[in-house]
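K.L.:
Please read through the structure below; I'll follow up with questions.
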Amino acid sequence: MLDTEVIMYFMIGLVIIGIPSFLFYRIGMDIGVNKGIRRQLIRELMANGVLEEADMSIRGSRHT
């Protein structure tokens with residue numbers, strides 16, 4: 001009886017803590033990867049002369 005109760009509470013705790021933790025992890029990874037890819041793409045375009053600093057400052061002022 002006691003073992004079943006402990007296992008039940010453990011599973012409930014695992015669900016309460018584990019699912020939100022996993023969701024925050026996945027959301028954070030998706031956002032981080034997207035930002036990283038975007039930054040790397042901008043760096044490559046700037047290094048190859050496709051984009052310039054002035055282009056980036058104009059784009060930044062439009063969004064604010």
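Derivation of every value follows stated rules applied to the coordinates shown; laboratory data play no part. This is a predicted model, so every value here is computed, not measured. Every residue, glycine among them, receives a Cβ derived from its backbone with ideal geometry; neighbour counts consider all protein chains shown.
K.L.:
Go through segment 1-42 and count every residue that is acidic (Asp, Glu) and within 12 Å of the chain's Cα centre (by Cα).
P.N.:
1
K.L.:
Also, I was wondering about something else. Tally up the residues in segment 7-53 that are exposed (fewer than 10 other Cβ atoms within 10 Å of the Cβ) and either part of a helix (DSSP H, G or I) or among the hydrophobic types (A, V, I, L, M, F, W, C) (or both), please.
P.N.:
Count: 2.
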